[in-house]
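**Q** This is the structure I want to talk about, given as structure tokens.
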Amino acid sequence: MPRYEFKEGSSNKFWEITLSGNSFTTRWGRIGTDGQEKTQTFGSPAEAQKEYDKLVREKEKKGYVIEGKGEDDEGGGDEGAEAASNPELEAAILADPDNVDAYLVYGDWLQSQGDPRGELIALQHAASQASGTEASDLKRKATALIKKHQSLLLGELADAVKTEDLSVQWHLGFIRSARLAQKDYDSGRDIAEAARQLLALPSARFLRSLTIGMVNYDGENEYGELVSALTESGGSKTLQNLFIGDFEYPDETEISWTHLSDISGLLKVLPNLRTLRLRGASLELGDIDLPELREFTVETGGLPLSAVKSIANAKWPKLERLEIWFGSENYGAEGGVEDIQPILDGKGLPNLKQLGLRNAEFVDALCKVLPSAKVLPQLEKLDLSMGTMSDEGAQVLIDHAAAFAHLKQLDVTENTLTDEGQALLPKAIPHANVGNQREYEEDYRYAAVGE
Amino acid sequence: MKGAPPFILIGNAENRRVTLFQEALVRQGLPPAHVVPWRELLTTPGLLADLPDSEALVRIDATGESWEVEKALLKRGYPDAVGLGCSVLSPEEVDRLPVDHGRILAPRQHHLGFLRVLSELEAIFAEHPRWRVLQQPSAIADLFDKRITSRRYAALGVPVPEPLDGVTDVDSLRQRMREEDCREVFVKVSCGSSASCLGIFRRGRSADTLTTTIEVAPTGWYNSLKVRRIEAPEQVDDLLTFLLNEGSQVERAIPKARLGGDYFDCRVLMVRGEPAFTVVRQSQRPITNLHLGGWRGDLEDFHAEVPANELADALESCRTVARAHDCLHVGIDLMYEEYFTGHRVLEANAFGDLLPNLRRDGLTVYEWEIREALRENPSGTRSRMPEPKTRSSSRYSRWT
């Protein structure tokens, strides 16, 4: 029996209808309760059918959404719907992914082939143009359509969506963004395998953003297999944003128990990457050549020397934001000021506007070279937070305040300044942000994040 | 601004909310406000009641961050709290309490004390018809009850996280979550603020967890600056029982949209019914408060990501919320759903305007509020502000 549900604001209602010969029975109430029941009888089956159709239309108009035919039959509404594809029309989208018209043309063609994706494209486009209740109605319809045709649209990954190990953003009929992660301790999902399925999925043909969270709650959180799966799948020419390591530390795992592994091969098959964010330990980057990259962030408790050098010598001429966490020697951090000299010289970084040299244990040494760093004049934001800057380092910045005067923001929070250092720095450099200093202990100063 | 009526400011005199507001008045070329400190007002209502009924603007600010005021409000709330099932401290127990920063003390009782004080203020204001009260006490009372606001906004068509009704204890909470097929809820003591007395309860197949700002220490429970995830089943149930006994809003946890990979939501400060300032609160975690590891995100990044129609719809919701309260300013916590597929109003705050170092057209938040407060009162001759001429619907407050 069809079950319709209405969830909005504080409403949480269901409505069911069962047609049988010349009568039907409706049941309605709050979701989670049995509700009330009423049977109506008509002169003929045709009359009952007519009234039945009318009621269903009314409910749909009010925003009720069909919930499948029963617990085990979700997504069983695909009869008559078939997936179609047209390489030429897809090529038009690939050539200009922001061109909405290319999607609409493809949508029309898909609709003519009986592929429900065509309707989805039309609905989502209409929703993007609408506002208020009209937009909500269209979004609800799109959501219901995706649910109805989930096996066609998501293939084997429909189950991953159901268990919340996969969340996806549908944009004009296709998956634009996806996040893959074991939802919690109870999840046994093989994230590497799911990533392989995702890259092979027709719906993800124009995938733009991919985020990977926890892949393993038991023991170490290893990204090696995931990275291999993505690389062996041939990467993606459409992917612009990649975030590996979207977990909460220390609740889900420690940052040092997470192994990013060697991702150099993967980067070679992601030529259109614009933002890359990595969180975890044991990172190898190899020779970086990312012509479209705008933002790079690595958050770690210990960055190995080889990775420091990869970053310092990377080819990313369009880079605008660079954020590096160096980490603690106790957790494998290596390298110092001399190893990032190419960055300080602004070598190959003509567009760099925001630089974060964070979570480092060589901040005082860094302060000595920063005032004369060639890269400084082009920067708008400089972030030296979470490190071991002492009053001595702060004094160097104060002595050369003019060199930092052009910055919109200078962040030295979570270092190890004394109250005095904290008071003095903003007097010389008013836009310096000095809050949340950590305990200062001579000889026992660590980066904020290690373990 | 010559001839502008003077301000009366009820607040904690030593608090930066008051000192910053005074500075803002001075920068606007106005005399400083007549400050009526909560601490003294609670023992000597005459400090306010005996002021003359002459043209003045009355601003009410937070009672928080003062130990003396906290104790006084606890005592004031005692008679109303007895028998409600929440934690109760007798006046004698309150007197014996040592100063213990951040310790959670009978939040419902404290709130009931505050409600009593608000109704006393209302009576004083009724005797002073020439005063223009920038936030009506009854509106402040509503804003301090998340159970009221959530339902009122939903009734006005504003999307809010769906509340779970019928939760009285831990068992019924689990039961209702099963019925609603809901894996994760926010449990917030309905009069709490700044993410105090709050937990995110998540049902797992093998174990339940509670992510909370409450720290359980040997000397008591504390509001902590560190968000923790608690997994020990007994402790999870203890904390939930406490939150529910104090009177909590329970609502579905809605996945938040991301900016650059981080979670975020917005504090939208509404002044006279219009969005005046927006702070993007970005965080590694779904709890984005700036004192809990969140940071101010980049407004430009946000505008680059949010679809125009989603932004317009969200601001319309904010207007509806602001107009539901007779207050000059309301600080709305607004979230966008994952992938910007919608928005929800999480809550609204009566004292949500402490946003230092923000400027718009050269004005700080307080300066902006002062300008807007004076805008409709140029002559200094009206005793009460009239209904705005362009609005006729009774749904709109005076501040639209």
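**Q** So for the range A:280-296 (the condition being polar (S, T, N, Q) and under 25 Å from A:D345 (Cα atoms)), does at least one residue qualify? If you could, list the steps in order and put the result at the bottom.
**A** The first filter runs over the range A:280-296 and keeps only residues polar (S, T, N, Q), leaving A:282.
So of that shortlist, the ones also under 25 Å from A:D345 (Cα atoms) come out as none.
Checked the range A:280-296: no residue is polar (S, T, N, Q) and under 25 Å from A:D345 (Cα atoms).
**Q** Please tell me if B:V345 is within 14 Å of the chain's Cα centre (by Cα) and either surrounded by fewer than 24 Cβ atoms within 10 Å (Cβ to Cβ) or within 14 Å of chain A (Cβ to nearest Cβ) (or both).
**A** Yes, satisfied.
**Q** Now for a separate question. Under the condition of being out of contact with any Gly (no Cβ under 9 Å at 6 or more places or on another chain) and over 21 Å from B:Y222 (Cβ atoms), which residue from the range B:58-84 is surrounded by the most Cβ atoms within 10 Å (Cβ to Cβ)?
**A** Going residue by residue through the range B:58-84, those that are out of contact with any Gly (no Cβ under 9 Å at 6 or more places or on another chain) are B:58, B:64-69, B:71, B:79, B:82-83.
Within this subset, residues satisfying the condition of being over 21 Å from B:Y222 (Cβ atoms) are B:58, B:79, B:82-83.
On the way: B:V58: 23, B:P79: 13, B:V82: 12, B:G83: 8.
Looking at residues that are out of contact with any Gly (no Cβ under 9 Å at 6 or more places or on another chain) and over 21 Å from B:Y222 (Cβ atoms), I get B:V58.
**Q** Before we move on, is A:F206 under 18 Å from the mean Cα position of the chain (by Cα) and away from every other protein chain (no Cβ under 14 Å)?
**A** So A:F206 fits the description; yes.
**Q** Identify, by number, the condition in (1) under 30 Å from B:A81 (Cα atoms); (2) within 11 Å of another protein chain (Cβ to nearest Cβ) that B:G293 doesn't meet.
**A** For B:G293, the failing item is (1).
**Q** Anything in the range B:245-287 that is within 16 Å of the chain's Cα centre (by Cα) and β-branched (V, I, T)? List them, or say none.
**A** Hits for the range B:245-287 are B:V268, B:V271, B:T278, B:V279, B:I287.
**Q** For the range A:209-231, enumerate the residues that are surrounded by fewer than 18 Cβ atoms within 10 Å (Cβ to Cβ) and within 14 Å of another protein chain (Cβ to nearest Cβ).
**A** A:Y217, A:D218
**Q** Given the conditions (1) without any contact (Cβ under 8 Å) to a residue 12 or more places away in the chain; (2) within 14 Å of another protein chain (Cβ to nearest Cβ), report the number of the one that A:A95 does not fulfil.
**A** With respect to (1) without any contact (Cβ under 8 Å) to a residue 12 or more places away in the chain; (2) within 14 Å of another protein chain (Cβ to nearest Cβ), A:A95 is out only on (2).
**Q** Which numbered condition in (1) within 14 Å of chain B (Cβ to nearest Cβ); (2) surrounded by fewer than 15 Cβ atoms within 10 Å (Cβ to Cβ); (3) within 26 Å of B:V345 (Cα to Cα) is the only one that A:F14 fails?
**A** Exception for A:F14: condition (2).
**Q** Out of B:I104, B:I124, which single residue is at pLDDT 95 or above and surrounded by 15 or more Cβ atoms within 10 Å (Cβ to Cβ)?
**A** Selected residue: B:I124, the only one of B:I104, B:I124 that is at pLDDT 95 or above and surrounded by 15 or more Cβ atoms within 10 Å (Cβ to Cβ).
**Q** What are the pairs, 6+ residues apart or on separate chains, where a residue within the range B:117-129 that is part of a helix (DSSP H, G or I) has its Cβ under 6 Å from a residue that is surrounded by fewer than 17 Cβ atoms within 10 Å (Cβ to Cβ)?
**A** B:I124/B:A49
**Q** How about the range A:17-55: which of its residues are in a loop (DSSP other than H, G, I, E, B), within 14 Å of chain B (Cβ to nearest Cβ) and free of Cβ contacts under 8 Å to residues at least 24 places away in the same chain? Break it down stepwise before answering.
**A** Of all residues in the range A:17-55, those in a loop (DSSP other than H, G, I, E, B) come to A:21-22, A:31-35, A:42-44.
In the following step, the residues that additionally are within 14 Å of chain B (Cβ to nearest Cβ) were identified as A:31-35.
Correct list: A:G32, A:T33, A:D34, A:G35.
**Q** Another question about this same structure. Working only within the range A:232-258, note down all residues that are over 19 Å from the mean Cα position of the chain (by Cα) and away from chain B (no Cβ under 14 Å).
**A** A:E232, A:S233, A:G234, A:S256, A:W257
**Q** So which residues in the range A:309-359 are under 21 Å from A:D411 (Cα atoms), within 25 Å of the chain's Cα centre (by Cα) and in a loop (DSSP other than H, G, I, E, B), if there are any at all?
**A** A:L319, A:E320, A:F326, A:N351, A:L352, A:K353, A:N359
**Q** Still on this structure: Would it be correct to say that A:E51 is surrounded by fewer than 17 Cβ atoms within 10 Å (Cβ to Cβ) and modelled with pLDDT of 80 or more?
**A** When the stated conditions are applied, A:E51 passes them.
**Q** In contact with a strand residue (DSSP E or B) (Cβ under 8 Å, 6 or more places away or on another chain), over 21 Å from A:D186 (Cα atoms) and among the acidic types (D, E): is that true of A:D262 in this structure? Steps first, answer last, please.
**A** On the way: in contact with a strand residue (DSSP E or B) (Cβ under 8 Å, 6 or more places away or on another chain): yes; over 21 Å from A:D186 (Cα atoms): yes; among the acidic types (D, E): yes.
Spelling it out, A:D262 is indeed in contact with a strand residue (DSSP E or B) (Cβ under 8 Å, 6 or more places away or on another chain), over 21 Å from A:D186 (Cα atoms) and among the acidic types (D, E).
**Q** Moving to a separate point now. Could you say whether any residue in the range B:85-95 is of a type in the set (D, E, K, R), in contact with a Phe, Trp or Tyr (Cβ under 8 Å, 6 or more places away or on another chain) and not in a loop (DSSP other than H, G, I, E, B)?
**A** Our first condition is that a residue be of a type in the set (D, E, K, R); within the range B:85-95, this holds for B:92-93, B:95.
Adding the requirement that they be in contact with a Phe, Trp or Tyr (Cβ under 8 Å, 6 or more places away or on another chain) leaves none.
Taking every residue of the range B:85-95 in turn, none turns out to be of a type in the set (D, E, K, R), in contact with a Phe, Trp or Tyr (Cβ under 8 Å, 6 or more places away or on another chain) and not in a loop (DSSP other than H, G, I, E, B).
Condition check ((1) at pLDDT 85 or above; (2) of a type in the set (F, W, Y)) across all residues:
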| position | (1), (2) |
| --- | --- |
| A:Y4 | no, yes |
| A:R30 | no, no |
| A:T33 | no, no |
| A:P45 | no, no |
| A:V56 | no, no |
| A:K62 | no, no |
| A:G68 | no, no |
| A:A84 | yes, no |
| A:E90 | yes, no |
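**Q** Report, by residue number, each residue of the range B:313-331 that is assigned to a helix (DSSP H, G or I) and either touching a residue at least 60 places away in the same chain (Cβ under 8 Å) or more than 16 Å from the chain's Cα centre (by Cα) (or both).
**A** Residues satisfying the conditions are B:D313, B:A314, B:L315, B:E316, B:S317, B:R319, B:T320, B:V321, B:A322, B:R323.
**Q** Say whether the condition of being within 10 Å of chain A (Cβ to nearest Cβ), part of a helix (DSSP H, G or I), over 21 Å from B:D238 (Cα atoms) and polar (S, T, N, Q) is met by at least one residue in the range B:143-151.
**A** Checked against the condition, which is being within 10 Å of chain A (Cβ to nearest Cβ), part of a helix (DSSP H, G or I), over 21 Å from B:D238 (Cα atoms) and polar (S, T, N, Q), the range B:143-151 yields at least one hit.
**Q** Against the condition in contact with a helix residue (DSSP H, G or I) (Cβ under 8 Å, 6 or more places away or on another chain) and free of Cβ contacts under 8 Å to residues at least 60 places away in the same chain, how does B:G247 come out, does it pass?
**A** Working: in contact with a helix residue (DSSP H, G or I) (Cβ under 8 Å, 6 or more places away or on another chain): yes; free of Cβ contacts under 8 Å to residues at least 60 places away in the same chain: no.
Against the criterion (in contact with a helix residue (DSSP H, G or I) (Cβ under 8 Å, 6 or more places away or on another chain) and free of Cβ contacts under 8 Å to residues at least 60 places away in the same chain), B:G247 does not qualify.
**Q** Filter the range A:362-390 for residues that are among the polar types (S, T, N, Q) and over 20 Å from A:N436 (Cα atoms); which is surrounded by the most Cβ atoms within 10 Å (Cβ to Cβ)?
**A** Out of the qualifying residues, it is A:Q378.
**Q** A further question on this structure: Which of the strands (runs of 3 or more DSSP E) contained wholly in the range B:203-312 include at least 2 residues that are modelled with pLDDT of 95 or more and out of contact with any Ser or Thr (no Cβ under 9 Å at 6 or more places or on another chain)?
**A** On the way: elements: B:209-217, B:220-230, B:248-252, B:262-271, B:274-283.
It comes to B:248-252, B:262-271, B:274-283.
**Q** Which residue pairs have Cβ atoms closer than 6 Å, lie 6 or more positions apart in sequence or on different chains, and pair a first residue in the range A:289-308 that is closer than 22 Å to A:S385 by Cβ and assigned to a strand (DSSP E or B) with a second residue that is modelled with pLDDT of 95 or more and aromatic (F, W, Y)?
**A** These pairs meet every condition: A:E299/A:W325.
**Q** Taking the range B:152-195, which residues are more than 13 Å from chain A (Cβ to nearest Cβ) and either more than 20 Å from B:E246 (Cβ to Cβ) or part of a loop (DSSP other than H, G, I, E, B) (or both)?
**A** Listed by number, the residues that qualify are B:T168, B:D169, B:S190, B:C191, B:G192, B:S193, B:S194, B:A195.
**Q** With the range A:121-177 as the region, which helices (runs of 4 or more DSSP H) entirely inside it contain at least 1 residues that are among the basic types (K, R) and at the interface with chain B (Cβ under 10 Å from one of its Cβ atoms)?
**A** Answer list for the range A:121-177: A:132-148.
The values are calculated or read from the model by the stated rules, or taken from the named source; none is laboratory data. The structure displayed is predicted, hence computed values, not measured ones. Methodologically, a virtual Cβ is constructed for each residue, glycine included, from the backbone with ideal geometry; neighbour enumeration extends over all protein chains shown.
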